[in-house]
Amino acid sequence: SERAFVGPLGRMALNGLTCNHCGGTDIELDAARGDAVCIQCGTVLEENTIVNEVTFETSAGGGSGVVGQFVPSSGLRSSGLGFAKESREVALSNGQRHISQLANALRLSEHHQDAAQRLFQLAVQHNFIQGRKTQHVIAACLYTVCRREKTAHLLIDYSDVLQTNVYMLGSCFLKFTRMLSLTLPIIDPSLYIHRFASRLEFGDKTHFVSMSALRLVQRMKRDWIQTGRRPSGICGAALLIAARIHGFRRTQREVVRVVRICDVTLRKRLIEFSDTSLGQLTANQLGDNEFDLESYGAAADPPSFLRNRRADEAERRLLMDPEGEGSRQRREGEIRALKMPALRRRLLALGEPTDGRKPELLARLLELECPETELQLPEGGEGEGGEGEG
């Protein structure tokens, strides 16, 4: 209905509308506050009304000014009159622009951008952006959306685009999720298999290699290899084994370069896989689609449990037979001190293959001559590309 205003605090006539309490039509409007009050009974008809039009009033000095206050669509209200933007509104507009740029670089859809912008608005309202770089906060918002939507994006992808330390992004992401008390789903390594397989150049057999790797990943989950591990290491080990199954001679260095992990991490996952019942099968058996990998053999114990059992067994041997354990440790020390030519000669004398790098040859010889020994890889090998998942 049309409204007739008579001054900022004057009377107004509401055509076709009367007071709900007394039926009176004498209504007073306070345009500055947006209140409408019935004069006869005092009933408040409207309160804090938000209108689309802009109304001006004339002051006592002859000047004009805006009546009311500006409320943007974002919901962040200005503290004063007029259309001056606060710093929060500036930060919000800049963040939305950066989110669009980063999402386009990562090929994310409009749906992901809208969800990330809503998260960024929460970050602004909670003052999370204070003392932090805007790029880190928008990366945390977008990565949170990717985790929710289960897209094939890793945190290191954001680090590559922004040219920022991945551990700084991971720290910001963890603090952001704790602030909002978000519970995100655990990363499934299966999401990244097709992405990494396409970069290893398997040609027409990319789909077959990917499907074999997916079957291995599912079995690794049953054998506790996947639990508590970052997805890159699991994908690297599964793809390397699947490549060998289908006749591709991909080296560990090639796989490491694609999945962005440390070579020691890849060897650890392979050693853990070899300790399972599936590690005793041949390539033909693993590649047979009719062979049920899920139900073959008993589920293995967690790798950490196996390591503790081996350590306890070594202590028991040392207590029961100190001289025998001492000689075994000396023999192990001598093998570890061998150079590459001596390692190859020892393996050749035992009829074993001599191809591979020194850690592989060393593990092979220790398994033959000191079967009770667990291969000790160098410390700090869990640097799996710095995902920073926490």
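Want the number for M211 to Y296: 0.36 nm per residue separation, take away the alpha-carbon distance, what's left?
Between M211 and Y296, full extension yields an extra 28.8 nm.
Put simply, when 155-162, 322-329 are sorted by average Cβ atoms within 10 angstrom per residue, most first, you get 155-162, 322-329. Spacing of the modelled spin labels on S64 and R345, each 7 Å from Cα toward Cβ, amounts to 10.1 nm. Please give the residues of region 144-172, grouped as numeric ranges, whose backbone N is less than 11 Å from a label point set 7 Å along the Cα-to-Cβ vector of M179. Inside the label zone: 172. Modelled spin-label separation between K133 and T354, with each label point placed 7 Å from Cα along the Cα-to-Cβ direction: 5.1 nm. With a simple spin-label model that places each label point 7 Å from the Cα along the Cα-to-Cβ direction, the separation between D321 and R307 comes to 2.7 nm.
Computed from the mean reciprocal separation of all distinct C-alpha pairs, what Kirkwood hydrodynamic radius does region 302-354 have, in Å?
13.2
Between N104 and D26, full extension at 0.36 nm per residue minus the direct alpha carbon distance yields a gain of 22.4 nm.
For G24, the residues whose amide H sits under 5 Å from its own are C19, ignoring neighbours fewer than 5 places away on the same chain, with H placed 1.01 Å from N.
Values in this text are rule-based calculations from the coordinates and carry no lab data. Every value quoted in this text rests on a predicted model; they were computed, and no experiment measured them. Heads up, the Cβs are rebuilt from the backbone with ideal geometry, glycines too, and the neighbour counts pull from every protein chain shown.
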